[in-house]
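Worksheet: the structure to be examined is printed underneath.
The values are calculated or read from the model by the stated rules, or taken from the named source; none is laboratory data. These numbers come from a predicted model, not from an experiment. Glycine also receives a Cβ, built like all others from the backbone with ideal geometry; neighbour counts cover every protein chain displayed. Remember, those area values only see protein heavy atoms, side chains included, never the ligands or the DNA or RNA. Shrake-Rupley method; radii C 1.70, N 1.55, O 1.52, S 1.80 Å.
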Amino acid sequence: ADECVIGLGALRVANPDLAARFHTALTRHLSPLACFGGDGTGLVVGQKGDRLQGCWGRETGRYTLTQQSLCQDAFAIGDEAFTAAVQIEMTMALRRRLVQSPGEHTAFVEALLAAFHDALTTTEETPAL
């Protein structure tokens, strides 16, 4: 069963190149974690067509929180607008595990931050999602 699903749909619509880099970085940094069996078991980093994307279709006129976070001039911290947002869905079992294991919780957060940093600083060509 999927323990953690990360939806990149809203980011893919707002910035396809960044979404592709973030996909690669998330997979690389999260897969080795103990909470994913050290091999990515139970981790799904969004692919086009996946059910949980963090993105309603434009035709609906509705926006997820992830999409709202990526709207131009919608949100800013000081003078900095958000550049990336993803939807993270976790099972209750994974949430409990992360709460009960401070080391795994810290590793999870650090992996997310490392993936975000890599995606923003990498300029190499990445395959399209």
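Brief remarks on what is shown
- Any pair with Cβ under 9 angstrom, 6 or more apart, that starts in region 1-29 at a residue that is closer than 20 Å to Thr91 by Cα and among the acidic types (Asp, Glu) and ends at one that is at pLDDT 85 or above and assigned to a helix (DSSP H, G or I): Glu3/Cys35; Glu3/Phe36; Glu3/Ala93; Glu3/Leu94; Glu3/Arg97
- Failed item in (1) at pLDDT 60 or above; (2) open to solvent by less than 50 Å² (accessible area, probe 1.4 Å); (3) among the aliphatic types (A, V, I, L, M); (4) in contact with a strand residue (DSSP E or B) (Cβ under 8 Å, 6 or more places away or on another chain), with Met90 passing the rest: (2)
- Failed criterion for Leu112 (all others in (1) more than 13 Å from the chain's Cα centre (by Cα); (2) at pLDDT 90 or above hold): (1)
- For region 1-50, a residue qualifies if it is over 22 Å from Thr123 (Cα atoms) and part of a helix (DSSP H, G or I), and the qualifying residues are Ala34, Cys35, Phe36.
- Evaluating Arg12 against the criteria (1) in contact with a helix residue (DSSP H, G or I) (Cβ under 9 Å, 6 or more places away or on another chain); (2) at pLDDT below 75 leaves one unmet condition, (2).
- Hits in region 22-70 - residues which are polar (S, T, N, Q), at pLDDT 70 or above and open to solvent by 60 Å² or more (accessible area, probe 1.4 Å): Thr41
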